[in-house]
Amino acid sequence: MTTYTGSCDCGAIKVSAKIADPQGGVACHCGKCKSRYGVFCSVFVVPATDFAIEDRSSLTSWAYKGDSGSPVPCYFCKTCGVNIYREPAPLKPNVVLIAGVLDAWKEGKMGISASVCGDVAFPWVDVTTIKA
Ligand SMILES: [Zn+2]
Ligand SMILES: [Zn+2]
């Protein structure tokens, strides 16, 4: 277990998360991730109790209807718009932390070991190298 820290682009939201070793990052290729990130979204699924936000006053959210039929709240920074985490009901008590928020991710020290929604991945994305 390693504690990782990070922040949104404007610095208003600071996060920390305990993530198991090896890290087990996941690439999600769904339509929502395509519209937000262009290709796929890289995330870590972590217990909510292992995830902390220093000051939630700059955090806002919207929700879409997930495949399970329940709303999926997505939390992002009011100022810079960086996505911080999602909270799909089927994954509770875990949260889905957006990898790009973490400093170690931006420094290239973390990676992806699996894919979800690989069936709708762009044909030019090689999900087999991600070990779907
Ligand atoms: Zn921000
Ligand atoms: Zn997705």
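Read-outs throughout are calculated quantities, based only on the coordinates presented, and are distinct from any laboratory measurement. The structure displayed is predicted, hence computed values, not measured ones. As a convention, Cβ positions derive from the backbone with ideal geometry for all residues, glycine included, and neighbour counts pool all protein chains shown.
Descriptive notes on the structure:
- Remark on ALA63: its backbone amide H falls under 5 Å from those of CYS74, a criterion applied only to residues 5 or more positions apart or on other chains, H modelled at 1.01 Å from N.
- Summarising the strand pairing of the range 2-130, around 90 percent of its internal DSSP beta bridges are antiparallel.
- Working note: 222 nm ellipticity from helices only, DSSP H runs with n ≥ 4, each -39,500 (n - 2.57), summed and divided by the residues of the chain, gives -2000 deg cm²/dmol to the nearest 500.
- Largest first, the three principal axis extents of the alpha carbons in the range 39-103 are 30, 27, 22 Å in whole numbers.
- Built from the Cα atoms of the range 2-130, the convex hull projects on average onto 7.7 nm², one quarter of its surface area.
- Full-extension gain in nm, ALA52 to TRP124, via 0.36 nm per residue minus C-alpha separation: 22.4 nm
- Scalar couplings 3J(HN,Hα) for the range 15-27, obtained by applying the Karplus form with A = 6.51, B = -1.76, C = 1.60 to θ = phi - 60°, are 10, 9, 8, 8, 10, 5, 9, x, 5, x, x, 10, 9 Hz; x denotes Gly and Pro.
- Centre separation in Å (Cα based) which lies between the range 46-86 and the range 99-132: 20
- Gyration tensor (alpha-carbon) shape descriptor, the range 1-77, a/c threshold 1.5: oblate
- TYR64-ASP103 FRET efficiency (beta carbon distance; Förster radius 30 Å; 0.05 resolution): 0.60
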